[in-house]
Number of protein chains: 2
Amino acid sequence: MPNGAQALLRTLVNSGIRVCFTNPGTSEMHFVAALDSAPEMRAVLCLFEGVATGAADGYARMTGMPAATLLHLGCGLGNGLANLHNARKGKVPVVNIVGDHATYHVQYDAQLQSDIETVARNVSPGFVWTSQVTSELCRDAVAAVKAACSWPGQVATLILPADVSWGEGGVAEPGPVIEPPPAADDATVQAVAATIKAGGRSAILLGGTALHEDSLLPAARIAAACGVKIFAETFPTRMQRGAGLPPVERIAYLAEMVSIQLKEIDTLILVDAKAPVSFFAYPGKKSYLPHDGCRVMTLSTPAQCAPGSLTALAAALGAETATPLLSAPWRPGRPRGKKLTAEKVCKAVGHLLPENAIIVDEAISSGLMLSKFTAGAPRHDLITLTGGAIGQGLPNAIGAAIACPDRPVIALIGDGSSMYTIQALWTIARERLNVTAIIFNNASYSVLNVELERVGAEEVGPKAKAQLDLHGPVLKLAQIADGMGVRSTRVSTPDEFTNALEGALARPGPHLIEAMVPPALSGLKLKLLPHLLGSLDRMPLSVARMLKRKIAP
Amino acid sequence: MPNGAQALLRTLVNSGIRVCFTNPGTSEMHFVAALDSAPEMRAVLCLFEGVATGAADGYARMTGMPAATLLHLGCGLGNGLANLHNARKGKVPVVNIVGDHATYHVQYDAQLQSDIETVARNVSPGFVWTSQVTSELCRDAVAAVKAACSWPGQVATLILPADVSWGEGGVAEPGPVIEPPPAADDATVQAVAATIKAGGRSAILLGGTALHEDSLLPAARIAAACGVKIFAETFPTRMQRGAGLPPVERIAYLAEMVSIQLKEIDTLILVDAKAPVSFFAYPGKKSYLPHDGCRVMTLSTPAQCAPGSLTALAAALGAETATPLLSAPWRPGRPRGKKLTAEKVCKAVGHLLPENAIIVDEAISSGLMLSKFTAGAPRHDLITLTGGAIGQGLPNAIGAAIACPDRPVIALIGDGSSMYTIQALWTIARERLNVTAIIFNNASYSVLNVELERVGAEEVGPKAKAQLDLHGPVLKLAQIADGMGVRSTRVSTPDEFTNALEGALARPGPHLIEAMVPPALSGLKLKLLPHLLGSLDRMPLSVARMLKRKIAP
């Protein structure tokens, strides 16, 4: 009879889990020892827990199936918390296996003893369970997988005491049956259809799983047939886009601009999305962004089937056969000039983006123009910072690359963000993943300079400014990456960057390009920002100019 | 009238807090903007929250006063959790300021919204408070400082909503009055004295604050007068040691060896310490380590005054004027030979250790011989991994160096450990701290190879082994450090290492030496380990041989 760990691994495999991102310690040694008993399970070592959790997040975004993580007690879970937060906010399934002391050892309050369950609750409010008996461990594991994979997806945390893991008498279980989510009921569909037909300006806001092709197409048919506007949430978990797919305007990051985007919308219809709220609160500005006269209706909740609900709505509106607007193929030209800027980096990405790429966008202020320059590029997936906890991009890239070994992954990361989980580069090198990381080195927490102004903190002295400044010393990120085994280069001109990206894409494998750029926002006043900070998909320059006029006093 | 943040900073300064280790985001921008209003407060930017919290821990260990941290919501606190755990276990005062959304914004569940209090409770069980009103913020802050600084020290977490921070009407408060802790009451002192006088073998186990000179000296007088043995806890928060101070044998990490250390002890007397328990549980081995016949008495709890209690005990035993045994000055010779080993690194540290140094020991398996080789070195402070959450060493070094700018800090770190908070190197460079970091590169989680065997997981396949192996690629830590602005070198021979250390000590400032060594434990069988894994202070080779004989089957 297998021990607990062996039976647990068999049960995870039975449940369809094929990858475990690990950062183990002593209390997880039996799980580690059992890995070889489950040949179907790939174990990927990470040097920091935030890498493991972010990799599991990225993997599940691309496959729809959870990966497991293996974490070392409360401290390991704590280190993994920020990226689990991003997974939670993105409704992404993850199954955490958190080792703990043996059940009988807890009373002694040894050095690593802490209250794991309270930490887990922050990211796993729906499923935290400490297994108590080896014979029941696998049933607990099935419950964890079921919780993670049900709709909407979530982070489930199974705490595994060492004695439950090493105990004899494990009983492997078959995986859980996951019921497919129901589509919206007919009454809801008819009510939404009636509202659209009644006239007024309606918009559909797509989030979560509703940004995949099977939802985008019926949504675009409705838009074409009924003049409904389509929005995407600000930070998509995974959005399919590019030439041949419907273009979708993303709700902007800046509340000031969202108000403009929603200004003339009478009805906002939610599909696996929330009504837009401000990312942060600002003195004297509102948090809830639809205007007072805007009616908000839910077509499909995160627990329902977005494509099914949209297809039903299209039918109710007679839009099933409407011809959806699709993005035309278009690429920007090769960037020119002597000085590299964040905009030129984004332009080069659009210029060169290969077929079927996965873009991981954690470029923060430097990625402003990425959407515009890739809108007509070959079709690709876009993964973004769903929970706002920076340090997500490089780990997500690991998971995406392991999930889709035949697809190139391009991760665009801010310098500040990159340093939270820079250890990810080692795993990228070790697993020889096809990831090209582009790090924008502008030597600052650039976005915070904007935020400092936005929150109204205007009298800023040198100590305050120093908190946003990454000079002295300027990071040499290419060198750091090379120290972890990733082939790297630092570039300072548009030509150098474009050549480096061409070279990286021509040789699949780990690459890092450190792009030396000025802060994208330097010298801009807040009132000029909105037309830059929004997603510029489908937004012609004339609209941007109009927005700018509206905002300027 | 100041806003909340300005009044808060003034209150922290009034409370004696002089340093804030920061990693802010938007919700902390008013605190950042207010920094310049408090010239007494030094703000030290860290690129990752675990660096900020570990630095605050190291600072407080050396000054006895808390530093503040500035963290960004639940995710920032999560990233800082592991080193706050180490502070909690070390009874170290820390005051966390965790920014949160504005109170009225919480209802909208924006991207970064999470349940901060549950995360904080893991490390701040005694004080978690979310301030609600600007006018009461400073009273809340005084309560936080008071909680942190009272005896025993603890981590206090004050959650600061953005509107409480930016609101007008802050009222700065004077700092709290901290009552000095009482010494043990007379009845306790007399009872312990009577037990010692009654005969039998007694030992005093010193932990926490009882490892400073003012406790070590009365303890050593008692030892000299009454034949009592003195132990130190396994992982001292801060231990003063070296030539001219009483030598103290540390309780070993390995439970197998602790049993031997305590075998002939009839009474174990605790002073700011717990009775020894096993770090982890192991199948079939006991967790609580004093033998069944060992009586455990508490002379002084962590809430009491250790030096006062020990001085009273010395008086009760007539030992006030006894001559304590003090470590004689002794240094090992310069290490020789062609091949660098972890032992030779430790030997070189003992050979060269400057006066009044601070040693931060997170060398894990590579530091086995450090205690022995520095036992007679010039007097120094030793900081160790109190909570077992690795990634503590480099951040602790930052805090210690800022606390004691005139003292050299030498941090010995395992390669695996270093990567959890490698971002600390940037802050060391930026603040030009007098820190020499020595990283042992043995390309493995070496200690886990031992633990894998100890937990009885013996059938180990290639996937399991890969989880403990940091080859493929081997980290180039000197290069990584150079990328963060720290002058670095990689060495492979005893001469190279010793020369590099001499050079670093001769030029105060940031240095990193990457010591290429084989795993310290490779090829050893478990049964040979105990005499190596214990602290070898005062343990002559003959004793080690005896222990080895006792353990071998």
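Some points to look at:
- The range B:142-200 and the range A:485-524: distance between their alpha carbon centers, rounded to Å: 52 Å
- For A:Phe21, the amide hydrogen comes within under 5 Å of the amide hydrogens of A:Val44, A:Ala68, A:Thr69, A:Leu70, counting only partners 5 or more places away or on other chains and with H modelled in the peptide plane.
- Of the GluC sites (Glu not before Pro) in the range A:319-401, the ones in a loop by DSSP (not H, G, I, E or B) with at most 16 other beta carbons within 10 Å are A:Glu320, A:Glu355.
- Of the solvent-accessible surface of the protein assembly as shown, computed with a 1.4 Å probe and all protein chains present, 54% belongs to carbon and sulfur.
- Among the protein heavy atoms, those of B:Cys294 account for about 20 Å² of accessible surface (1.4 Å probe, every chain in place).
- Of interest is the spacing of the C-alpha centroids, which for the range B:284-307 and the range A:366-408 amounts to 54 Å.
- Here the scattering of the range A:291-393 is modelled by Debye summation over its C-alpha atoms, one equal scatterer each and no solvent; at q = 0.17, 0.21 Å⁻¹ the log10 of I(q)/I(0) is -1.00, -1.10.
- Where N is the number of residues in the range B:342-522, Cα Rg divided by 2.2 N^0.38 Å: 1.00
- The range A:186-316: mean projected area of Cα convex hull, nm²: 7.7 nm²
- The range B:72-158: translational diffusion in µm²/s, Stokes-Einstein, Kirkwood Rh over Cα pairs, 10 °C, 1.306 mPa s: 120 µm²/s
- Average silhouette area of chain A, convex hull of alpha-carbon atoms, in square nanometres: 26.1 nm²
- For A:Lys229, the residues 5 or more places off, or on other chains, whose built amide H falls under 5 Å of its own are A:Ser202, A:Ala203, A:Ile204.
- Relative contact order, percent, chain B [alpha-carbon distance under 8 Å, six or more residues apart]: 15 percent
- Remark on the range A:1-133: Rg and Dmax equal 14.0, 43 Å (Cα only).
- Rounded to 10°, Cα long-axis angle of helix A:342-352 versus longest principal axis of chain A: 80 degrees
- Note on the range B:46-203: Cα convex hull, mean projected area over all directions, 12.0 nm².
- Alpha-carbon Rg with Dmax, taken over the range B:202-250, Å: 9.7, 27
- Using θ = phi - 60° and Karplus 6.51 cos²θ - 1.76 cosθ + 1.60, couplings along the range A:106-112 (whole Hz; Gly, Pro as x): 4, 4, 8, 6, 5, 3, 8
- Helix-only [θ]222 nm of chain B, DSSP H runs n ≥ 4, -39500 (n - 2.57) each, per residue, nearest 500: -11000 deg cm²/dmol
- For the range B:62-124 versus the range A:10-44, the gap between their alpha-carbon centres in whole angstrom: 32 Å
- Shown here for the range A:2-99: GluC sites (Glu not before Pro) in loop regions (DSSP other than H, G, I, E, B) with at most 14 other Cβ atoms within 10 Å, namely A:Glu40.
- Measure of compaction for the range A:281-339 (Cα Rg per 2.2 N^0.38 Å): 1.97
- Helix B:186-197 axis, angle to chain B major axis (alpha carbon atoms, nearest 10°): 20 degrees
- Computed over the protein assembly as shown, the ratio Rg/Rh where both radii use C-alpha atoms and Rh is Kirkwood: 0.98
- Nearest-ten-degree value, helix B:4-14 long axis tilted from longest Cα axis of chain B: 40 degrees
- Across the identical copies, the label point of A:Gln132 (7 Å from Cα in the Cβ direction) is separated from its matches by 3.6 nm, in order from shortest.
The values are calculated or read from the model by the stated rules, or taken from the named source; none is laboratory data. Model, not experiment: these values are computed from the prediction. Heads up, the Cβs are rebuilt from the backbone with ideal geometry, glycines too, and the neighbour counts pull from every protein chain shown. Please note that ligands, DNA and RNA were not included when accessible areas were found on the heavy atoms of the full protein model with its side chains. Shrake-Rupley method; radii C 1.70, N 1.55, O 1.52, S 1.80 Å.
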